[in-house]
Amino acid sequence: MDVVCPEGDDWREEISSVAVYSLGGGTLCTGWMTNNARQDGTPYFMTANHCGINSGNAASLVVYWNFETSVCGGTPDGSLAQSQTGSTFLSDYGSSDFTLVELDATPNAAFNVYYAGWDVRGATPPGAVGIHHPQGDEKAI
């Protein structure tokens, strides 16, 4: 389902934290901006370990923000114009399939990127949602 569809209405902030990225070429995987406990705006970007970012290629990371269709169920027309390049590898762990990098710069404020976070209260959420770029296509929920 396209993220611009009504099904995404309850997740607008989280949707704007998600980006597609590439390493040395075509679109590759999905990642998201993640906040830290200090909430200081450090540009941490998290993705799946199986996507292959490591200390040798993190500098070539290109992140594309807001790659999504303009109309629910419409023709794919997302733009890759809102982008930034470069990151520093920080950590990964294959068993839990995560990689964390720090982007070389804070995303441009005009991109309206949201820093996703977590809740440490211990409450069980009523549900979950997945936001990603299936096969590198425009963002879906």
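Show the residue pairs that are 6+ apart or on different chains and have beta-carbon atoms under 6 Å apart, the first residue being within the stretch 84-102 and on the phi > 0 side of the Ramachandran plot, the second being in a strand (DSSP E or B) and surrounded by 15 or more Cβ atoms within 10 Å (Cβ to Cβ).
none
Is it fair to say residue 119 is on the phi < 0 side of the Ramachandran plot and surrounded by 10 or more Cβ atoms within 10 Å (Cβ to Cβ)? Explain how you work it out, then say what you get.
Working: on the phi < 0 side of the Ramachandran plot: yes; surrounded by 10 or more Cβ atoms within 10 Å (Cβ to Cβ): no.
When the stated conditions are applied, residue 119 does not pass them.
Just one of 123, 110, 105 is among the small types (Gly, Ala, Ser), out of contact with any His (no Cβ under 8 Å at 6 or more places or on another chain), in contact (Cβ under 8 Å) with a residue 40 or more places away in the chain and within 28 Å of residue 37 (Cβ to Cβ); which is it?
Numbers: 123 fails: in contact (Cβ under 8 Å) with a residue 40 or more places away in the chain; 110 fails: in contact (Cβ under 8 Å) with a residue 40 or more places away in the chain.
One residue alone meets the criteria, 105.
I'd like to verify a number: residues in the stretch 122-140 that are β-branched (Val, Ile, Thr) and open to solvent by 40 Å² or more (accessible area, probe 1.4 Å), how many?
2
The values are calculated or read from the model by the stated rules, or taken from the named source; none is laboratory data. Treat the numbers as computed from the prediction; the structure is a model and nothing was measured. Counting neighbours? That spans all protein chains shown, and the Cβs are built from the backbone with ideal geometry, glycine included. Side chains are part of the model used for accessible areas, which takes the heavy atoms of the whole protein and leaves out ligands, DNA and RNA. Shrake-Rupley method; radii C 1.70, N 1.55, O 1.52, S 1.80 Å.
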